[in-house]
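The next block holds one structure in the form of structure tokens; read it before the comments.
The values are calculated or read from the model by the stated rules, or taken from the named source; none is laboratory data. Only a predicted model underlies this, so the values are computations on that prediction, with no experimental measurement involved. Counting neighbours? That spans all protein chains shown, and the Cβs are built from the backbone with ideal geometry, glycine included.
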Amino acid sequence: MLQKDAQRLSLLLLLTPFLLWILLLVVLPQLGIVGISLREKVGPRQFTFGLANYLAFVQEPIYWNTLLRTAVMSILVTFLALLVGFPVAYYIAKIAPYRSQTALFLLCLVPLWVSDLVRAFGWIVLLRETGLISGALQAIGIIKGPIELLYNDATVVVGLVYTVVLFMIVPLVSTLNGMDNSLLEAGHNLGGSRITVFRRIVVPYAMPGIVAGCIIVFMMTAGSYLTPILLGGKNSMWFTEQIYDQFITRYNWESGATFGVLLLAFTSFVVWLGLRLTGQKLATTVAKD
Amino acid sequence: MYDLQCENLTKRFGAFTAVDGVSLEIPGGSFFSILGPSGCGKTTLMRMIAGFEDPSSGDIKIKGRSVLGSPPNKRNVKMVFQHLALFPMMNVGENIAYGLRCRGASKADITRKVGAVLERIGLPDVAQKQIHQLSGGQKQRIAIARCMVLEPDVLLLDEPLGALDLKLRERMKIELKLLQHQFDTTFLYITHDQSEALVMSDHVAVMNAGKFEQIGTPQELYHNPRTAFVAGFVGDSNRWHGKVNRISNGEAEIVTSGGDTIVANCGASALSPGDSAEIFVRPDCIAFGGVRRETQNTLTGTVDSLLFNGANSRALVRIDSRELIEVAINGVDRSSPIKPGDPAHLNWAFADTQCFPAKER
């Protein structure tokens with residue numbers, strides 16, 4: 001009996017920091033945000049309960065267009081990150097000699113040692129009108145005048161893929177590492193071509209990693225702020241920018257909170273839809289049997 | 001017509017020669033085993049036949065046609081992997097259908113063949129099950145069915161029983177043999193377990209350090225080993241070191257390091273007086289008894305202990321020169337008079353005593 005109590009106490013003590021963290025830093029602020037989003041300003045320091053903020057969002061096309069645009073771009077970034085990340089992960093996990101695997105993996109992590117901000121400025125140094133690429137192209141005579149490579153969608157997408165691709169590679173490497181090479185050999189031995197083996201064995205096996213990577217990357221992209229702002233400028237029309245605007249520039253906390261709630265709800269919905277469409281379950285991406 | 005032929009097959013990895021000039025011919029419909037300790041190159045040999053490794057030199061022919069140029073998926077040689085390599089993301093039916101689908105078989109054909117092969121291995125109702133729901137023995141049979149449904153010319157088996165527990169392994173040995181008869185396909189079985197090889201095979205090749213030491217029926221290997229390695233690796237043996245004293249009529253008189261004189265059948269082995277030699281005697285060739293005949297070796301000693309193992313029971317006898325000898329006894333006979341401490345008179349025929357030149361040390 002006593003031992004059982006002790007066990008329960010130690011479990012509680014171990015869980016406390018985690019629960020406090022979740023409760024104080026995630027749940028409470030979210031509830032606060034939801035609360036703020038549900039009040040209407042009727043006068044100075046006078047509020048009533050209502051859905052006016054949500055109505056305003058629906059009635060203003062620029063808002064929900066921005067949200068949709070953010071979602072579509074994020075999906076595109078996620079897709080590209082998967083396209084770029086999969087071969088890299090496959091190489092690290094399956095083709096590279098065992099001894100260089102760790103080194104390659106660490107090499108992928110190197111960009112993380114530099115902050116987001118610095119990396120974004122790195123892109124700016126390369127891509128701006130007076131930047132390295134523009135200068136180099138002029139020097140070898142491919143273009144006449146200077147060229148501005150910043151502030152367009154392509155640059156934003158490239159910058160985002162670069163920032164998030166690592167978070168695609170890590171879960172993919174760990175799932176692919178668990179795959180026995182004899183599965184691939186069996187696939188070939190039983191008559192499968194390279195494409196068949198890839199499609200029917202490698203991809204299904206890596207599916208939990210693919211799903212996990214896609215969810216992380218999508219959420220990170222949709223919620224990113226620095227990269228779209230710095231590389232896309234005013235043209236980026238990223239939804240987080242709208243939220244920032246409402247909170248900081250316009251000091252309209254109610255509207256900003258509404259946008260925050262909508263971003264969370266909408267991205268969660270996209271993830272749910274993605275899981276449904278690919279027939280995956282969230283549980284299988286976390287737990288492997 | 002041979003189902004599988006290897007001619008002078010060699011595989012080098014850098015300076016290391018894994019398979020060294022191996023030749024074999026397997027007639028259709030037989031059960032052929034390659035028996036050898038781990039690291040002897042048997043897996044490399046199998047991987048070359050399956051097409052996962054390219055030989056450094058030599059040729060592999062399946063049904064008389066060289067397959068050196070064809071990739072693994074174009075060879076009609078299927079393989080049961082050591083850990084079976086069943087696809088975890090497919091159910092049993094899909095696993096078996098995989099190869100048929102790769103061939104582009106029609107849906108009706110696939111359903112019919114998958115049903116038929118499951119029937120044949122005695123698991124007609126498992127098509128919808130997931131792999132992890134199967135027992136070890138069932139997985140084994142599914143792995144074989146997955147290959148056999150493609151009607152291969154040769155089925156390769158890479159120590160597939162290694163992962164099973166002892167009881168199941170014993171049962172699967174018999175089952176594999178029966179399956180091979182039933183499918184009437186050539187099985188090439190790789191193992192380091194001599195009892196698996198002896199029980200199941202029509203022919204066994206004993207492999208050591210990349211080379212074949214001897215190819216023969218299990219009986220030949222057991223009774224007439226041609227090298228010291230085969231004598232030591234196949235079956236149990238008592239082993240002595242000694243010096244050849246005299247040779248006549250294919251029989252060598254050898255004085256062991258313990259000082260006993262043993263006459264051995266030296267057959268084809270190139271021994272001459274003065275050479276050091278290794279002597280092998282099977283425990284089941286040695287009998288207790290006092291009568292000495294002209295053609296028998298005799299040793300005396302005391303029974304040290306009894307090792308009961310049913311019909312495979314042994315007595316450990318400490319002979320007068322202080323060495324321990326294993327002697328087979330009838331453990332099932334409860335009136336067995338042998339007790340530890342008894343004096344023992346051992347004898348066995350010259351013909352059952354093998355001797356080989358000892359390796360230079």
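Key figures for this structure:
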| quantity | calculated |
| --- | --- |
| Single match in B:Phe87, B:Phe32 (criterion: farther than 28 Å from A:Ile201 by Cβ and either part of a strand (DSSP E or B) or modelled with pLDDT of 90 or more (or both)) | B:Phe32 |
| Search result, residues across segment B:341-359 that are part of a loop (DSSP other than H, G, I, E, B) and either modelled with pLDDT under 85 or of a type in the set (D, E, K, R) (or both) | B:Asp342, B:Ala358, B:Lys359 |
| Count of segment B:242-256 residues which are in contact with a Lys or Arg (Cβ under 9 Å, 6 or more places away or on another chain) and not polar (S, T, N, Q) | 4 |
| Qualifying positions in segment B:270-318 - aliphatic (A, V, I, L, M), over 26 Å from B:Asn224 (Cβ atoms) and not in a strand (DSSP E or B) | B:Val291 |
| Unmet requirement for A:Glu254, which otherwise passes all of (1) over 30 Å from A:Phe47 (Cα atoms); (2) touching a strand residue (DSSP E or B) at 6+ places or on another chain (Cβ under 8 Å) | (1) |
| Whichever residue in segment A:173-194 is of a type in the set (A, V, I, L, M) and not in a helix (DSSP H, G or I) and, among such residues, is farthest from A:Leu106 (Cα to Cα) | A:Leu190 |
| Members of segment A:117-149 that are within 30 Å of A:Met219 (Cβ to Cβ) and at pLDDT 85 or above | A:Leu117, A:Val118, A:Arg119, A:Ala120, A:Phe121, A:Gly122, A:Trp123, A:Ile124, A:Val125, A:Leu126, A:Leu127, A:Arg128 |
| Search result, residues across segment A:213-229 that are crowded, with 21+ Cβ neighbours inside 10 Å and under 22 Å from A:Leu150 (Cα atoms) | A:Thr221, A:Ala222, A:Ser224, A:Thr227, A:Pro228 |
| Criterion: over 16 Å from B:Met200 (Cα atoms), surrounded by 15 or more Cβ atoms within 10 Å (Cβ to Cβ), within 24 Å of the chain's Cα centre (by Cα) and of a type in the set (Val, Ile, Thr) - qualifying residue of B:Ile110, B:Ile142, B:Ile131 | B:Ile142 |
| Unmet requirement for A:Lys234, which otherwise passes all of (1) basic (Lys, Arg); (2) crowded, with 19+ Cβ neighbours inside 10 Å; (3) under 25 Å from A:Thr155 (Cα atoms) | (2) |
| Residue match in segment B:144-151 (condition: at the interface with chain A (Cβ under 10 Å from one of its Cβ atoms), more than 23 Å from B:Asp202 (Cβ to Cβ) and either of a type in the set (S, T, N, Q) or part of a helix (DSSP H, G or I) (or both)) | yes |
| Residues located in segment A:92-115, provided they are without any contact (Cβ under 8 Å) to a residue 24 or more places away in the chain, under 23 Å from the mean Cα position of the chain (by Cα) and closer than 15 Å to A:Asn177 by Cα | A:Leu104 |
| Residue that is nearest to the other protein chains (Cβ to nearest Cβ) [pool: residues in segment B:90-116 that are within 17 Å of A:Gly187 (Cα to Cα) and part of a loop (DSSP other than H, G, I, E, B)] | B:Met90 |
| Sole residue being of a type in the set (Lys, Arg) and surrounded by fewer than 17 Cβ atoms within 10 Å (Cβ to Cβ), chosen from B:Lys42, B:Lys78, B:Lys74 | B:Lys74 |
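Residues are listed down the side, and each one gets a yes or a no for (1) at positive phi; (2) assigned to a loop (DSSP other than H, G, I, E, B); (3) within 20 Å of the chain's Cα centre (by Cα); (4) within 14 Å of another protein chain (Cβ to nearest Cβ):
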| residue | (1), (2), (3), (4) |
| --- | --- |
| A:Arg119 | no, no, yes, no |
| A:Leu126 | no, no, no, no |
| A:Ile133 | no, no, no, no |
| A:Pro171 | no, no, yes, no |
| A:Thr196 | no, no, no, yes |
| A:Arg199 | no, no, no, yes |
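So that you can scan it fast, the table gives a plain yes or no per residue for (1) without any contact (Cβ under 8 Å) to a residue 24 or more places away in the chain; (2) within 14 Å of chain A (Cβ to nearest Cβ); (3) surrounded by fewer than 23 Cβ atoms within 10 Å (Cβ to Cβ); (4) of a type in the set (A, V, I, L, M):
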| site | (1), (2), (3), (4) |
| --- | --- |
| B:Gly162 | no, yes, yes, no |
| B:Leu166 | yes, no, yes, yes |
| B:Lys173 | no, no, yes, no |
| B:Leu178 | yes, no, yes, yes |
| B:Leu188 | no, yes, no, yes |
| B:Ala209 | no, no, yes, yes |
| B:Pro218 | yes, no, yes, no |
| B:Gly232 | no, no, yes, no |
| B:His241 | no, no, yes, no |
